[in-house]
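The values are calculated or read from the model by the stated rules, or taken from the named source; none is laboratory data. No experiment lies behind these values; they were computed from the predicted model shown. Glycine gets a Cβ as well: all are built from the backbone with ideal geometry, and neighbour counts include every protein chain shown. Ligands, DNA and RNA are stripped out before the accessible areas are found, and what is left, the full protein with its side chains, is counted by its heavy atoms. Shrake-Rupley method; radii C 1.70, N 1.55, O 1.52, S 1.80 Å.
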Amino acid sequence: MNTMTMQPKEQNISLKNLLKENRRLKRENSVLKEKCIAYRKKYKWYQTLFDFGADPLIVHTYQHAPDTEEPNWMEMVNKQQKVVEVNKAFTKSMGYTKKQSIGLSVYDIDNTIFRSPKQTHEAYKYFTPHPSNKILSIERIHHDITGRYFPVELKIRFLTIDNTQYVMTLCRDISDRKQLEAEMQRSYLSEKRHAANLQKEINTRIEFTRSLVHELKTPLTPILASSEALVKMEPAKTLQGELARNIHRGACGLNIRINELLDLAKLEISELTLRKSTVLPGRIIEEIVAEMKQQIIARGQNIKLHIPADLPPICADPERLKQILRNLLDNAVKYNRDNGQIFLEARIEGGFIKTSVRDQGKGIIKKNQKHLFQPYFRCEEDRDKFDGLGLGLCLSKSLVELHNGKIDLQSTRGKGTTVSFGLPLTGKEKVEVGDEHA
């Protein structure tokens, strides 16, 4: 009787336990389902980001280098390192499907043909897990499914997941960069060859110029000395005196032209140097004007000077400064109109002593002005009228620039030409000038 009455009660308790366990399992299942959905979302985000990159991304297993000296050990290691994940950029650039990619080894895509055994050992030393997870960068040669070889830049990072080591590699095709580098190298070598040929031609020309100068100077030296002696001996108004002066004048002109050629040759090989000292520019200007006074008077011209009495000294080569002034005044006299005026002015301007020489000649047309500082250039209309090699302005410009100065030319047709050059004051002189004006 008791047994029969207890059985339904026990069954009732067992049923309650089953219902309770079922509810617990449902709750756990619901939690697991939510976690699974969250995990899938995370995986989709990860996969989207992984595939989003424009450059191929590869994850493969890592295999330690074996303790062996066999020459093909790198090949063996690369065959054991298996690809476990790739992005879409990898499949697109390499030509494999994702399923095919997962079955590849590093050996299937990385090439060692283009490297010597020494380079192979050097390359593999990078494939060592770095304790700080440092990103390594190296360049290799990969080949796609068709066998096409192309250079790549690899950004490598080592990962450890569940005690297993992996290598994650960002692979960038650098074919364009390598092609550009090769073109640059070819261009550099071509430029180097042309520069060598140019230097050879320049040296030949310079050597010829030096030989020519020497050959001309040798017979000219006694002509200059003898004609100068005759000028001193013979009165100016006699026929002999006039002939002596003509010979001396011609010899001096020829000497100037030869010196110009020699200076140009020195400039071309940067051998022309300055012997600087402290000079008074006002005094140098007056010396050159006095030297050329007879030449100016002979053309019926007049020169007007405007030189401040307190013009400060500068650091310059006095002989080269005279050469600049001589060239500019000679041009002003030569291209000025008969009975015209020449204006020579010196002033302080912007940390420079600026000297200007202005004539009242017919001026220079615009298209010729930009060529006037080039060697041997002369305006067509003047070639038959005036002597000279067309080196005066070219040498003057070079000499001014050797002094760290500037030269400028301005000309107006029918009104004349002005050539100005500025030589820098030293720091001390700038202060003194500033104090005066203050």
Rounded, prolate or oblate: pick one for the stretch 224-336, where a ≥ b ≥ c are the square roots of the eigenvalues of its C-alpha gyration tensor, a/c under 1.5 means rounded, and failing that, prolate if a/b is larger than b/c, else oblate.
-> oblate
When the accessible area of the stretch 150-230 is split by element with a 1.4 Å probe, what percent falls to carbon and sulfur?
-> 57 percent
Net charge (Lys, Arg +1; Asp, Glu -1) of residues whose beta-carbon lies under 9 Å from that of Arg275, Arg275 excluded, is 0
Roughly how many Å² is the accessible area per residue of the stretch 220-375, as a whole number, for a 1.4 Å probe?
-> 54 Å²
Too long for a 28 Å Cα-Cα cut-off, among Lys237/Lys293; Lys26/Lys99; Lys232/Lys304; Lys99/Lys178; Lys304/Lys397; Lys200/Lys366, are Lys26/Lys99; Lys232/Lys304; Lys99/Lys178; Lys200/Lys366
Mean Cβ neighbour count within 10 Å, used as a protection proxy, ranking 230-242, 246-258 highest first = 246-258, 230-242
